[in-house]
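Each remark here refers to the structure printed beneath this line.
The values are calculated or read from the model by the stated rules, or taken from the named source; none is laboratory data. Treat the numbers as computed from the prediction; the structure is a model and nothing was measured. Cβ atoms come from the backbone with ideal geometry, glycine included; neighbour counts cover every protein chain shown. Ligands, DNA and RNA are excluded from the accessible area calculation, which covers all protein heavy atoms including side chains. Shrake-Rupley method; radii C 1.70, N 1.55, O 1.52, S 1.80 Å.
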Amino acid sequence: MKISVIGTGYVGLVTAVGLADLGHQVVGTDKIKDKIDRISLGDVPIYEPGLDALLKKNLKKGNLTFSQNMDDTIQAAEVIFVCVGTPQKEDGSADMSQIEEVSRMIAKNLNSYKVVVEKSTVPVKTSMWIKRIISLYRKTDVDFDVASNPEFLREGSAVSDFLNPDRIIIGVESDRARDLLVEIYGSFKDRILITNIDTAELIKHASNSFLAMKISYINMISDLCEKTEADVELVAEGMGLDKRIGRQFLRAGLGYGGSCFPKDIKALARIGEELGVTMSLLKEADKINAARVETFIKKLKKCLWILKDKTIAMLGLSFKPETDDIREAPSIKIIAKLLEEGAFLRLYDPKASENMKSVFPESENRLIYVDNPYQAVGNANALLFITEWDEFKNLDWETIKKNMANPIIIDGRNIFLPEDVRKRGFEYYSIGRR
Ligand code: UGA
């Protein structure tokens with residue numbers, strides 16, 4: 001099957017590589033020439049474990065190519081996956097201008113029957129708009145279908161998520177489109193759920209918002225644990241043993257970040273309100289999330305009182321481990337707040353430092369990026385764990401303690417057992433436990 005994937009960002013690139021690996025003939029396209037040049041040479045512009053190898057493998061096999069010529073790419077395809085960005089606007093709604101632009105490009109190049117599949121996370125009713133724009137702008141009466149096939153990839157495990165999906169949601173309004181999409185995902189036949197298009201669109205937003213809500217729920221409970229003798233880790237374990245609840249996404253901490261949850265929960269709340277539905281549950285979950293950083297800074301102030309001219313080491317800058325992505329990362333708000341208070345910052349992340357430098361450039365006397373955790377803690381009055389990277393799990397505590405001015409640790413992700421750290425002579429504070 002001839003497939004084109006429009007947009008080679010995070011979702012588009014994984015989709016193109018994944019579909020090629022399933023054996024389809026895939027052409028990826030993007031309007032940014034630099035990206036196409038790099039990817040064509042097998043160079044992945046983001047850090048995503050396993051993607052590099054899979055890209056190279058499929059480029060070599062010859063069933064995956066990349067082109068900047070969007071017209072040709074659209075004309076040659078039978079199925080077009082739209083994977084362009086839908087960034088958040090100031091008012092919380094999604095900016096759909098790239099989807100509209102692509103719809104017009106497809107209309108202009110509609111030379112044979114095609115299925116236009118929206119893969120980007122979009123508000124319910126988007127496909128209706130794609131259909132309308134293509135119908136308005138097409139120059140011939142050539143038939144086409146729209147479909148929704150939301151992606152559920154997680155950054156950091158996107159390749160395995162694509163190759164071992166829990167479910168494939170296919171929202172369609174014609175048998176012809178359904179058959180083509182079922183054929184594309186033939187190897188996952190037992191995991192396909194066919195719905196109408198509105199349902200498929202809503203499944204994506206509803207799933208992300210539910211997971212975000214789960215995180216805010218456990219964070220709320222963790223605040224309660226701190227006021228009692230309860231331990232949030234055990235509360236989560238106890239809750240998770242109930243199969244109806246499940247253990248996943250009950251990790252208390254600094255809250256959710258990334259390009260999806262913060263944006264999607266706001267977008268769904270807004271869509272509901274526009275349609276006259278009360279969405280207060282989602283708005284409250286988002287409010288709880290926004291307050292996480294403040295609560296964390298309070299913990300730090302409880303240890304050091306005044307932050308001005310104190311040296312603070314921060315480990316982990318990405319919004320979660322195994323990615324260099326810093327979008328909506330709690331670290332950004334923490335750095336901004338600590339700088340505002342006049343602290344000196346020493347920052348380390350295994351992959352995300354370069355990205356963070358574009359938000360907070362290095363400044364000799366206020367903020368420096370270092371090459372490892374041991375340099376980060378040099379003369380520090382406190383050490384903050386912000387992201388639970390694996391490499392932080394086996395630190396040499398003696399060296400850490402020796403390098404610090406005060407052996408104080410505040411762990412924003414409950415990486416360690418309190419007694420393990422305390423017996424090494426540190427003051428240790430974490431989330432929702434003593
Ligand atoms: C999320 C969803 O998990 C994917 O299914 C979805 O496809 C994707 O959004 C998307 O819409 O594109 P992702 O944003 O990559 O994936 O990351 P997650 O692993 O879901 O984590 C999101 C945030 O929640 C991170 O900041 C993480 O630290 C935080 N989190 C996660 C917690 O604070 N506690 C938890 O228990 C789990």
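Looking at G272, is it out of contact with any strand residue (DSSP E or B) (no Cβ under 9 Å at 6 or more places or on another chain), more than 16 Å from the ligand (Cβ to nearest atom) and part of a helix (DSSP H, G or I)?
For G272, the condition - out of contact with any strand residue (DSSP E or B) (no Cβ under 9 Å at 6 or more places or on another chain), more than 16 Å from the ligand (Cβ to nearest atom) and part of a helix (DSSP H, G or I) - is met.
Evaluate the following for G171: is it buried (at least 16 other Cβ atoms within 10 Å of the Cβ) and in the same structural domain as S127 (by TED's automatic domain parsing)?
In short, yes.
Here are R154, R191: which of them is at pLDDT 95 or above, basic (K, R) and out of contact with any Gly (no Cβ under 7 Å at 6 or more places or on another chain)?
The match here is R191.
Can you tell me which residue within the stretch 23-40, out of those that are open to solvent by less than 50 Å² (accessible area, probe 1.4 Å) and in a loop (DSSP other than H, G, I, E, B), is farthest from L180 (Cα to Cα)?
The residue in question is D30.
I'm trying to understand the selection: among the residues of the stretch 191-208, which are closer than 10 Å to I169 by Cα, aliphatic (A, V, I, L, M) and open to solvent by 20 Å² or more (accessible area, probe 1.4 Å)?
Passing the criteria: I192, L193, I194, I203.
Out of all the residues in the stretch 358-391, which are in a helix (DSSP H, G or I) and out of contact with any strand residue (DSSP E or B) (no Cβ under 6 Å at 6 or more places or on another chain)?
Scanning the stretch 358-391 gives S358, V359, Y374, Q375, D390, E391.
Considering every residue within the stretch 244-253, establish whether at least one is touching a residue at least 40 places away in the same chain (Cβ under 8 Å), open to solvent by less than 60 Å² (accessible area, probe 1.4 Å) and over 18 Å from T86 (Cβ atoms). Reasoning before the result, please.
Initially, the stretch 244-253 is screened for residues touching a residue at least 40 places away in the same chain (Cβ under 8 Å), giving 251-253.
Remaining after also requiring open to solvent by less than 60 Å² (accessible area, probe 1.4 Å): 252-253.
In the following step, the residues that additionally are over 18 Å from T86 (Cβ atoms) were identified as 252-253.
Looking for residues that are touching a residue at least 40 places away in the same chain (Cβ under 8 Å), open to solvent by less than 60 Å² (accessible area, probe 1.4 Å) and over 18 Å from T86 (Cβ atoms), one finds at least one in the stretch 244-253, hence yes.
Considering each residue of the stretch 275-318, count those that are closer than 24 Å to I368 by Cα and part of a loop (DSSP other than H, G, I, E, B), and give that number.
Residues meeting the conditions: 9.
For the stretch 379-397, how many residues are touching a residue at least 60 places away in the same chain (Cβ under 8 Å) and either more than 16 Å from the ligand (Cβ to nearest atom) or open to solvent by 10 Å² or more (accessible area, probe 1.4 Å) (or both)?
Of the residues in the stretch 379-397, 8 are touching a residue at least 60 places away in the same chain (Cβ under 8 Å) and either more than 16 Å from the ligand (Cβ to nearest atom) or open to solvent by 10 Å² or more (accessible area, probe 1.4 Å) (or both).
Looking at V79, V84, which one is open to solvent by less than 10 Å² (accessible area, probe 1.4 Å), touching a residue at least 40 places away in the same chain (Cβ under 8 Å) and either farther than 21 Å from K114 by Cα or not assigned by TED's automatic domain parsing to the domain that holds C260 (or both)?
V79
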